[in-house]
1. Once the Cβ-Cβ distance between S33 and K241 is put in as r, and R0 is 41 Å, what FRET efficiency do you end up with, to the nearest 0.05?
2. Please give the Cα centre distance for region 122-143 versus region 11-82, rounded to the nearest Å.
3. Given a 1.4 Å probe and every protein chain left where it sits, what share in percent of the accessible area of region 27-71 is carbon and sulfur?
4. Quickly rank 118-131, 188-201, 152-165 as a protection proxy: mean count of other C-beta atoms within 10 Å, highest first.
5. Give me the number: length gained by fully extending K67 to R179, i.e. 0.36 nm times residue separation minus the C-alpha to C-alpha distance, one decimal in nm.
6. Distances longer than 20 Å among the Cα atoms of region 142-241: what percent of all pairs is that?
7. Listed highest first by mean packing, meaning other Cβ atoms within 10 Å per residue, what order do 174-182, 81-89 come in?
Amino acid sequence: MELVKPGKIRQRGSIKFFKTPAGSHVIVLPTCSVPHESLIPENWHDAQDVGHMRRVTSVTGLKELGKPGKHLQILDLAGKPTTLYVKSPERLFHSFGELHHGNPWLAYPDSKVLAAKLPEGDIRVEKQAVWEARILLGLVQGGVKAEEPQAILVHADGTREVVTKKVNRNVDYPLNPSRIREQLRSRPFRAIDAGEHNLIPTEHGTQIIDVNRWEFPPFSDTYKKRLIEAVLEEVEKQKKK
């Protein structure tokens, strides 16, 4: 698979793989800090959809085996309660002039824009999960504070999701976007959609979340080109209806 591990990430451990009872493949990342059983969808309890532009599931508990209706809190490897976020690729895009210049990320469509809802399982769409994880790993490698990726889920139907660990907000600490921007100047990423809505104040400093739209040129260029091709194909289908 195309997930390259940066040098400092390799020091944390290797990528591990296992298969769930339902046939999903779990790619456990070196930054994973929860037990592997927490990454199995069949084990999840209290899973709620909290997404806006894509499906994002908040998972706070695990089923307790042999005890129907009972559940356990998710604990990380340090024994601290945590929440997982399971993030699907974006599937709803909008045709506009910018799309032809390499920007399909238009969050606010108007009446003149054609919507393109891409089918699940198209690898051109599903690769978003891989690149989101890859960019998060790169941020960790560079010492930029961001949510830590736990795993990539590859389901039997071809859909993919990235699992991250919740960043705990602390309103007593100020948001410092200028510090993040300064750190990113020396990184090889294009921080698309890196507004304050993607930053969270924590006691460990301002942290980045939701980097799904970011780019890592030139490595992500081919993936981005294919994603745009998929959007344009769907737009043409809409025009013919």
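1. According to the calculation, E is roughly 0.30.
2. A separation of 19 Å, based on Cα centres.
3. About 53 percent, which is the carbon plus sulfur part of the accessible surface.
4. 152-165, 118-131, 188-201
5. Net length gain for the segment: 35.5 nm.
6. 53
7. By packing density, highest mean first, the sequence is 81-89, 174-182.
The values are calculated or read from the model by the stated rules, or taken from the named source; none is laboratory data. Remember, it's a predicted structure, so these values are computed and weren't measured experimentally. Glycine also receives a Cβ, built like all others from the backbone with ideal geometry; neighbour counts cover every protein chain displayed. To get the accessible areas, we keep the full protein, side chains included, count just its heavy atoms, and leave off ligands, DNA and RNA. Shrake-Rupley method; radii C 1.70, N 1.55, O 1.52, S 1.80 Å.
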